[in-house]
């Protein structure tokens, strides 16, 4: 038996048949006739010198040799597809797919995208708003906007400003609860999307930052930051809002931030892509726009006393 690899078409036929456990479905996927697919697998078995499938009455099953070959064939084709997509992207200077969390997309990115689209009409921008951590090598994504304290090992990563949080509410509710002390009687909204942060960036920590020992026991909880903020806009209560999520509602008067104390987390957003991809024109254009947009509102931080959460935790 030769150590040379058999023809790629024969391995491809085997991979499809092993995944579907059906010659007919594999032939449909590869857009060939069942007879042609059966011929390819037969030639592969002749090259190997032993059968890869047991042909049953209305089904097939893998032999021991087939079970040994199937994982390697699947991994090999997956690697080949990944490499092929990467090479094709090198030739593409117009399409850009970005993934970010739903809250950042809704509250910060989407309201600003008109300006990017106007400045770069040659770029076809697509968004995937998801909390799932996308694989930049395997998934069809060019750029990820990630949040947290983790490192992006092996990737091109540009961290941006740290996050801070401060209470926000409708103007009417601000008149009803004019002091930090009065917030102890207010309906408080909890944003559970950042419950993973350590030290915690929650209501007990903010109250501690302003010298009040208080742990709320009631209030509405939301798993998405944008839903928590929308609830505050609707007058449901007061939310401890994250800087990029509250800027638009504050600038348009739907929310106010009456108390000028904020707690700052070590977590931050990062612009992430594969190493080398930052040199592609559309990726570089989006990176430069993203960073510039953040700097446009950097001055808002000057209005607050921003206390690192680590310092608050030590109080």
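Quick one: order 221, 190, 47 by neighbouring beta-carbon count within 10 Å, fewest to most.
Fewest-to-most Cβ neighbours within 10 Å comes out as 221, 47, 190.
At what distance in nm do the modelled label points of residue 9 and residue 192 sit from each other, each positioned 7 Å from its Cα along Cα→Cβ?
5.6 nm
Which percent, nearest 5, of DSSP beta bridges in the stretch 93-247 are antiparallel? Working shown, then result.
Details: 4 of 17 bridges.
Around 25 percent of the beta bridges assigned by DSSP in the stretch 93-247 are antiparallel ones.
Counting DSSP beta bridges in the chain, what percent are antiparallel, to the nearest 5? List each step's numbers first, then the result.
Values: 21 of 38 bridges.
Of those bridges, close to 55 percent are antiparallel.
Kindly identify the stretch 8-90 as rounded, prolate or oblate by the Cα gyration tensor criterion: order the square roots of the eigenvalues as a ≥ b ≥ c, call it rounded if a/c is under 1.5, otherwise compare a/b with b/c, prolate if a/b is larger, else oblate. Can you show the working numbers first?
Numbers: a/c = 2.11, a/b = 1.63, b/c = 1.29.
Prolate is the answer for the stretch 8-90, as a/c is 1.5 or above and a/b outweighs b/c.
Given the rule -39500 (n - 2.57) for each run of at least 4 DSSP H residues, summed and divided by the residues of the chain, what is its mean residue ellipticity at 222 nm, to the nearest 500 deg cm²/dmol?
Values: 11 runs with 126 residues, N = 315.
Counting only the DSSP helices, I get -12500 deg cm²/dmol.
The numbers here are math on the coordinates, done by the rules we state, and not lab data. What you see is a predicted model; the values in this text were computed from it and never measured. Neighbour counts run over all protein chains shown; Cβ positions are idealised from the backbone, glycine included.
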